[in-house]
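These notes are about the structure you will find just below.
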């Protein structure tokens, strides 16, 4: 169990780049199995979710190589459509293999996906859409068995603009016969990025970024090469970290358009922020943050739910009362427990949280319970006085590449202490390596 030791109250200065997007690269990696050949994905972040996805690809028969931020996937020899339960339960994005497996092989079998416990996130939208495209889906004992003779394009109206369902439909429809129209589609930048990679494979698809996406099925797809967009939630996290700790920094390889709601909120709170066309965001924070207008999370282009915890953490050490209303997930305030320990004044009722800023937060022992909540604890700790101890880092590793390294480069006093299983148990034995692929699956 690894632990962060963070000594707060130290202003941050310097410049760090924003790495590739987790929420973009995962569906792109799933898309590589749509065609034979070797796809090359650049700006691929070194995240635990990415490496779990690579394991899934290998268990399906692909050859995967990783080198200096580039992942190469050879999907020529796709040997089967079953994904081991242990990998499915690692992350929710594993459900994105349903669409491309049905399109390529006509069958897919997996258990319901895992991931962070953010509240109910049913995959019924995925299932209904795939059925609409011609798949037969049977669920028994928590397992999904999907088959089809041939997928056929259809018009699909989503009840809500689900990012995952939109991506799964796009992936399946590229391997279907006929045209597919997705109405009320998610508009996130990661959807646009997936469209870009699919086009590099020869798919005829357009409309991503808007509420209607069009796919002309029946195209002959080939392996593609693509560079993943930068991670807007990482950019939001680092901006909030600077706002919390104070100081002045520049973040490169960032797209200011994708983090506009967060930038607007931080400017309202008292930060000075400038951006440049070449992907640079400069921020300065000197005084305690001020309260801002209520924040309502919403699908893109609204305020991103993934940025809510880190902004709340920054404002917890400010002055005045700010209200957050979480409209996406029912269990997105897990970080509040850690903030309480630091002296934060937070009151939560159902999906509404009210934060009365306290500029005298102090270090505390805390545990991360999900990805963005874990990052929020670090953001708050950077602005607090004294030392904080944060565990549950495996959640943070799912979405941040070398989190402590980037923050240290800005002058943060953050140290990661690796504690082996043997140390915890007082034993001197090696941890066993568990194989998850069936024989011949690689």
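The values are calculated or read from the model by the stated rules, or taken from the named source; none is laboratory data. Computed from a predicted structure; not experimentally measured. Using ideal geometry, Cβ is built from the backbone for each residue, glycine included, and neighbour counts are taken over all protein chains shown.
Descriptive notes on the structure:
- One residue stands out in segment 68-86 among those that are modelled with pLDDT of 95 or more and surrounded by 22 or more Cβ atoms within 10 Å (Cβ to Cβ): the one that is nearest to the chain's Cα centre (by Cα), namely 71.
- Subset of segment 135-146 that is at pLDDT below 95 and surrounded by 15 or more Cβ atoms within 10 Å (Cβ to Cβ) - its residue that is nearest to residue 175 (Cα to Cα): 146
- Residue 243 vs. criteria within 24 Å of residue 42 (Cβ to Cβ) and in contact with a helix residue (DSSP H, G or I) (Cβ under 7 Å, 6 or more places away or on another chain): no
- For segment 266-298, taking the residues that are touching a helix residue (DSSP H, G or I) at 6+ places or on another chain (Cβ under 6 Å) and closer than 29 Å to residue 211 by Cα, the one that is surrounded by the most Cβ atoms within 10 Å (Cβ to Cβ) is identified as 266.
- Qualifying residue in segment 172-184 (condition: buried (at least 24 other Cβ atoms within 10 Å of the Cβ) and without any contact (Cβ under 8 Å) to a residue 40 or more places away in the chain): yes
- Among residues of segment 219-278, those that are in a loop (DSSP other than H, G, I, E, B) and either without any contact (Cβ under 8 Å) to a residue 40 or more places away in the chain or within 22 Å of residue 297 (Cα to Cα) (or both), counted: 9
- Residue count for segment 399-414 satisfying the condition of being surrounded by fewer than 22 Cβ atoms within 10 Å (Cβ to Cβ) and in contact (Cβ under 8 Å) with a residue 12 or more places away in the chain: 6.
- Entirely in segment 107-210, the strands (runs of 3 or more DSSP E) that have 2 or more residues that are within 20 Å of residue 57 (Cβ to Cβ): 107-111, 143-147
- Selected residue (only one of 89, 65 is within 18 Å of residue 396 (Cα to Cα) and surrounded by fewer than 24 Cβ atoms within 10 Å (Cβ to Cβ)): 89
- Checking each residue in segment 146-181 for being over 25 Å from residue 221 (Cα atoms) and in contact with a strand residue (DSSP E or B) (Cβ under 6 Å, 6 or more places away or on another chain) picks out only 157.
- Highlighted here are the strands (runs of 3 or more DSSP E) found entirely within segment 299-417 that include at least 2 residues which are touching a helix residue (DSSP H, G or I) at 6+ places or on another chain (Cβ under 6 Å) and within 17 Å of residue 3 (Cβ to Cβ): 387-391, 413-417.
- Once segment 349-359 is narrowed to residues that are surrounded by 15 or more Cβ atoms within 10 Å (Cβ to Cβ) and under 19 Å from residue 372 (Cβ atoms), the residue that is modelled with the lowest pLDDT is 351.
- First in segment 55-69 and assigned by TED's automatic domain parsing to the domain that holds residue 83 and in contact (Cβ under 8 Å) with a residue 24 or more places away in the chain, second anywhere and part of a helix (DSSP H, G or I) and buried (at least 18 other Cβ atoms within 10 Å of the Cβ), Cβ under 6 Å, 6 or more apart: 55/87; 56/87
- Qualifying residue in segment 115-122 (condition: crowded, with 17+ Cβ neighbours inside 10 Å and touching a strand residue (DSSP E or B) at 6+ places or on another chain (Cβ under 8 Å)): no
- Considering the conditions (1) modelled with pLDDT under 95; (2) closer than 24 Å to residue 397 by Cβ, residue 30 is excluded by exactly one of them, (1).
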